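Rule-based calculations on the coordinates, nothing more; no lab input. Please read these numbers as outputs of a predicted model, since none were measured by experiment. Note: ideal-geometry Cβ built from the backbone for every residue, glycine included; neighbour counts use all protein chains shown.
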Amino acid sequence: MLELTSKFVAERPRPVEVHGRLALPFERRQRTRQRVRLASGEEAAILLPRGEVMRGGDLLESSDGRVIEVVAEAERLLHVTCASATELARYAYHLGNRHAPVEVGDGWLRLALDHVLRDMLLGLGATVIEVEAPFEPEAGAYGAVHSHAVQVRTSRIHDFGARAPGPPSPTRGTPA
């Protein structure tokens with residue numbers, strides 16, 4: 001069985017020969033240990049470092065050196081729009097309070113199909129429709145860095161990094 005053991009990272013941009021494709025919904029792209037089937041039908045085992053998130057377009061390297069492309073599979077989602085940026089920020093705030101993974105687009109939000117969250121958003125005044133599309137939610141404040149020119153994929157779940165000990169922060173109002 002093919003073993004997919006790491007994300008492929010090129011030293012410099014160069015063409016890479018892709019030997020297969022692996023389509024998964026977001027829920028399964030968060031799992032680092034699982035059996036999967038490539039588009040060709042070949043079985044494979046994903047054995048990535050714990051906490052790693054696979055994004056559509058990521059390249060995985062197999063134990064035999066082949067490179068496999070991850071495809072974000074289309075899934076049923078809620079597509080949220082509204083009349084203003086302020087309203088959209090309010091909806092995103094409420095979804096964040098519920099720790100719901102959210103994809104942010106230009107004037108819209110997307111989240112996994114959930115009737116409770118749909119009803120909450122409708123109650124707040126949002127326009128909500130069901131769509132079928134690939135789901136690429138935000139990685140969070142400590143996850144991937146996005147730019148219009150380059151997307152650095154370093155997504156990890158709950159990897160906040162170690163903090164180096166330092167001097168205590170100054171306090172106000174303490175007598176000298």
Checklist outcome for this item: Ranked from fewest to most other Cβ atoms within 10 Å of their own Cβ, VAL104, VAL71, VAL9, VAL53 fall in the order VAL9, VAL104, VAL71, VAL53
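Between the DSSP loop rule and a limit of at most 13 other Cβ atoms within 10 Å, which GluC sites (Glu not before Pro) in the range 1-53 are left?
Working: sites: GLU3, GLU11, GLU17, GLU27, GLU42, GLU43, GLU52; in loops: GLU11, GLU17, GLU42.
Here the sparse-neighbourhood loop sites are GLU11, GLU17.
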Item to check | All-pairs Cα distance distribution in the range 59-146, expressed in whole percent, bin size 10 Å | outcome: 16, 44, 25, 10, 5, 0
Checklist entry - Tell me, in nm to one decimal, what length is gained between LEU124 and ALA74 on full extension, where the rule is 0.36 nm per residue of separation less the Cα-Cα distance? => result 15.3 nm
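What's the FRET efficiency of ALA39 with HIS115 using the Cβ-Cβ distance as r and R₀ = 35 Å, to the nearest 0.05? List each step's numbers first, then the result.
Working: r = 32 Å, r/R0 = 0.91.
After rounding, the FRET efficiency stands at 0.65.
Fewest to most neighbouring Cβ within 10 Å: what's the order for ILE68, ILE129?
Details: ILE68 25, ILE129 10.
Going from least to most buried by this count: ILE129, ILE68.
Taking Cα pairs under 8 Å and at least six residues apart, what relative contact order does the range 74-134 come out at, in percent? Please list the in-between numbers first.
Details: 88 pairs, mean separation 33.1, N = 61.
RCO, the range 74-134: 54 percent.
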